[in-house]
Amino acid sequence: MSNTKEKLFEEFKAPTRQEWLDKIEVDLKGADFQKRLVWKTPEGFSVQPFYIREDVEKLSTPNALPGEYPFVRGNKKDDNTWYIRQEIKADDAAEANKKALDVLNKGIDSLSFKIPGKAVSKEFVEQLLDGIYCDIVEVNFSTCKRHSLELAEILVEYFEKKGYDKSKVVGSIDWDPMEKMVMDGKNVEPLLAFAPALVNTLKDYPHFRCIAVNALSLSNSGTYCMQELGYALAWGNEYMQQLTDAGIDADLAASKIKFNMGISENYFMEIAKFRAGRMLWAHVVKQYEPKDDFACRMCVNAVTSTYNMTLFDAYVNMLRSQTETMSASLGGVHSIVVTPFDAAYETPDDFSERIARNQQLLLKEECHFNTIVDPSAGSYYIETLTESLAQQAWQLFLSVEGEGGFLAAVKAGTVQDAVNATNEKRHTLAAQRREFILGTNQFPNFNEKSEGKRPLDKCCCCGKKAEEEQGELKAIHATRLAEDFELLRIATEQAEKQPVAFMLTIGNLVWRQARAQFSCNFLASAGYKVIDNLGFQTVEEGVDAALKAGADIVVICSSDDEYAEYAIPAYKYLNGRAMFVVAGAPACAEDLKKEGIENFIHVKVNQLETLKEYNQKLGIK
């Protein structure tokens with residue numbers, strides 16, 4: 001048997017890097033390797049098209065062990081089980097309790113209650129937790145930051161009254177005043193003084209955390225993985241520094257910090273983010289000289305993104321959140337919240353919440369993602385991503401520390417400026433179709449209507465709209481990536497007449513079909529009715545058919561060479577009876593412009609601005 005194995009290995013020798021490169025060079029036929037195959041990530045490093053054993057031999061991460069410092073391979077040794085968490089709005093204690101008991105019978109083992117600050121009381125908590133065994137189910141709470149200490153004291157009294165084993169109570173209080181500072185610009189720095197008392201109140205509960213790092217808010221504002229991770233480290237370190245300066249033991253301080261992080265659509269990068277995050281946070285905490293390495297473990301609750309959610313073609317949100325959930329589970333997080341697919345435009349209903357639960361149950365019960373610790377370990381690609389991302393995030397962390405720490409950077413506005421700049425850049429890329437949003441700026445559903453759906457306003461924990469909460473510091477101004485296109489499409493829907501875009505296809509078969517398909521997708525993104533065609537023998541025939549179909553826009557689709565022959569006659573024959581558009585950027589464009597043709601659509605134009613301009617010309621506001 002061993003001889004057979006040896007022969008097989010002899011027959012399948014691993015190619016060297018140079019052999020791979022030589023083969024690629026032949027296949028590229030002279031094309032630039034760097035431009036065609038090397039991915040320049042927004043995180044600041046390059047990703048190669050292939051990796052080999054040599055690439056990871058110099059890395060330390062493959063030699064790490066699960067459950068051991070620096071925890072790059074996870075906090076657990078035996079399995080990859082995570083908590084399936086559902087968020088419940090607890091305006092009414094009885095209703096929230098009823099819902100909690102119901103979802104606990106449907107696969108949920110982690111509850112997250114959002115309690116209004118004015119409702120915090122012993123009676124409310126007792127009614128809310130009635131019938132819920134807090135030594136079996138993870139329980140998490142969020143409320144007004146000014147009432148969090150009161151809530152902690154009530155919970156401790158409740159747990160003691162129930163006689164729970166303190167080591168078996170798992171959960172958290174989402175207390176993070178700095179989130180309000182960085183997101184809303186509200187200077188609530190005096191609230192930071194509550195941190196030591198909050199930690200001391202819960203010090204006897206080793207698995208109940210009460211200091212939150214809500215980097216999730218940055219992720220939902222459009223940050224890239226490197227930014228979210230780098231700022232999260234600085235954010236957590238700020239709390240560590242303040243707690244230890246107040247006399248809190250380093251082990252206790254670290255054990256009370258919980259990271260709430262987002263999950264974007266960047267599948268492999270997100271896996272690497274959670275691995276790199278644990279490793280870097282372990283290094284941060286180590287500097288405080290804890291007595292036990294277990295204090296260095298990073299506890300992460302991961303939440304699927306709202307930034308890339310869409311109002312149109314909303315069921316695609318399920319696909320987005322499913323791959324995001326896979327990233328987080330493979331990345332070894334503590335718990336996961338799957339945001340229901342309809343959260344962008346309405347309060348999630350029973351159907352969308354059930355789907356969100358089942359997305360995690362599918363990965364656990366059918367795919368068995370919970371049984372294997374760090375399944376991506378040893379992957380040349382992911383190990384290299386982990387190291388590269390860690391280096392970039394660490395540099396950002398050091399940069400923030402160089403400003404005096406996260407709090408100082410937030411007060412100076414540098415964090416907000418960086419996040420806003422990234423968000424603005426991503427909106428620009430989406431407008432230019434250089435960042436695709438499936439169903440929105442790429443492959444929209446031609447026949448879909450909004451049916452009254454509108455983007456939801458963001459509200460703070462007190463129920464006020466986000467814009468009402470902005471204060472004296474710089475704030476982060478972020479909207480979902482698709483929202484600009486959605487508002488444009490809704491405006492089109494509200495017009496007296498739905499614009500009709502007619503494809504005047506003529507000439508070269510391959511080019512006219514390709515450009516018609518591109519133009520249909522381009523214009524349908526604004527909610528226009530698009531009419532494609534098999535082809536016309538003459539431009540006059542095409543224009544007549546367009547006018548008969550009631551076209552508001554006529555798009556000529558042909559090859560670059562043939563535009564010199566067809567475009568001007570078609571434009572003159574149309575004679576202003578509809579808007580005339582050329583699909584492409586032909587060499588003869590300047591000649592066409594001299595004849596009065598001014599509308600061109602192609603991959604290099606700003607799609608959003610072009611469609612806004614067309615709406616204006618069509619009288620749509």
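Across the cross-link table entries K99/K122; K89/K256; K77/K98; K114/K364; K180/K621; K40/K612, which are compared at the Cα atoms, the separations over 28 Å belong to K77/K98; K180/K621; K40/K612. For the residue pairs K291/K411; K166/K286; K449/K593; K35/K273, the alpha carbons lie more than 30 Å apart in K291/K411; K449/K593.
The portion of the accessible surface of the chain made up by carbon and sulfur, rounded to a whole percent, is 51 (1.4 Å probe; DNA, RNA and ligands excluded).
With each label modelled as a point 7 angstrom along the Cα→C-beta vector, the R17-A421 pair spans 3.2 nm.
Each principal axis of the chain carries a Cα extent, and these read 86, 71, 48 Å when sorted largest first. Calculated from the alpha-carbon coordinates, segment 121-192 shows an Rg and a Dmax of 14.1, 42 Å respectively. From the Cα gyration tensor of segment 534-621, with a ≥ b ≥ c the square roots of its eigenvalues, which class applies: rounded if a/c is under 1.5, or else prolate if a/b is larger than b/c, or else oblate? Oblate, since a/c reaches 1.5 and b/c is not below a/b. FRET efficiency for the pair V188 and L59, taken as 1/(1 + (r/R0)^6) with r the Cβ-Cβ distance and R0 = 35 Å, rounds to 0.25.
Ordering A90, I211, L155 by the projection of their Cα atoms onto the charge dipole of the chain, which places +1 on the Cβ of Lys and Arg and -1 on the Cβ of Asp and Glu, puts A90 at the extreme positive end. Between D32 and E590, the modelled labels are 2.4 nm apart [label points 7 Å from Cα along Cα→Cβ]. Heavy atoms of the protein chains alone define the surface here; on that basis the chain has 45 Å² accessible area per residue at 1.4 Å probe size. So what is log10(I(q)/I(0)) for segment 1-104 at q = 0.15, 0.17 1/Å, when the Debye sum runs over its Cα atoms only? The computed values of log10 I(q)/I(0) come out as -0.96, -1.04.
Rounded to the nearest 0.05, the FRET efficiency derived from the C-beta distance between D560 and K161 at R0 = 60 Å is 0.15. When the surface is traced with a 1.4 Å probe over the full set of protein chains, W20 keeps roughly 110 Å² accessible. Quick check: from the Cα gyration tensor, does segment 141-228 come out rounded (a/c under 1.5), prolate or oblate? Since a/c reaches 1.5 and a/b is larger than b/c, the shape of segment 141-228 is classed as prolate. Going by accessible surface with a 1.4 Å probe and the largest first, F518, F12, F208, F443 read F12, F443, F518, F208. For the pair F268 and E95, label points projected 7 Å from Cα toward Cβ lie 4.7 nm apart. Starting from the Cα of A549, step 7 Å toward the Cβ, then list every residue of segment 481-497 with an amide N under 20 Å from that point. Once the point is set 7 Å along Cα→Cβ of A549, 493, 497 turn out to lie under 20 Å by backbone N, inside segment 481-497. Taking amide H atoms as placed 1.01 Å from N in the peptide plane, the amide H of I506 lies under 5 Å from those of F536, C557, each 5 or more residues away in sequence or on another chain. A Förster radius of 25 Å combined with the Cβ-Cβ distance from N447 to A495 puts the calculated FRET efficiency at roughly 0.90. One equal scatterer on each Cα of segment 452-594, no solvent, Debye formula: the resulting log10 I(q)/I(0) at q = 0.11, 0.12, 0.16, 0.20 Å⁻¹ is -0.53, -0.59, -0.83, -1.15. What is segment 33-173 by shape, rounded, prolate or oblate, if you read a ≥ b ≥ c off the alpha carbon gyration tensor as root eigenvalues and call it rounded for a/c under 1.5, prolate for a/b larger than b/c, and oblate otherwise? Since a/c reaches 1.5 and a/b is larger than b/c, the shape of segment 33-173 is classed as prolate.
The slack between D249 and R146, meaning 0.36 nm per residue of separation minus the straight C-alpha distance, is 34.7 nm.
Please report, in debye to the nearest 20, how large the charge dipole of the chain is about its Cα centre when each Lys and Arg carries +1 at its beta carbon and each Asp and Glu carries -1 there.
Details: 71 positive and 91 negative charges, 45 e Å.
Value, rounded to 20: 220 debye.
Solvent-accessible area of K76, all protein chains in place: 90 Å² (probe radius 1.4 Å, heavy atoms, ligands and nucleic acids excluded).
Where both bridge residues fall in the chain, DSSP classifies roughly 5% of the beta bridges as antiparallel. Only one residue of V605, S558, C588 has its Cα farthest out toward the positive end of the dipole of segment 536-605, where Lys and Arg carry +1 and Asp and Glu -1 on Cβ, and that residue is V605. Only protein heavy atoms count here; on that basis, with a 1.4 Å probe, F446 has an accessible area of about 80 Å². In segment 374-416, one over the average inverse separation of all distinct C-alpha pairs is 12.0 Å, which is the Kirkwood hydrodynamic radius.
The values are calculated or read from the model by the stated rules, or taken from the named source; none is laboratory data. In this text, all values refer to a predicted model and were calculated from it rather than measured experimentally. Counting neighbours? That spans all protein chains shown, and the Cβs are built from the backbone with ideal geometry, glycine included. Surface accessibility is based on the protein's heavy atoms, side chains included, excluding ligands, DNA and RNA. Shrake-Rupley method; radii C 1.70, N 1.55, O 1.52, S 1.80 Å.
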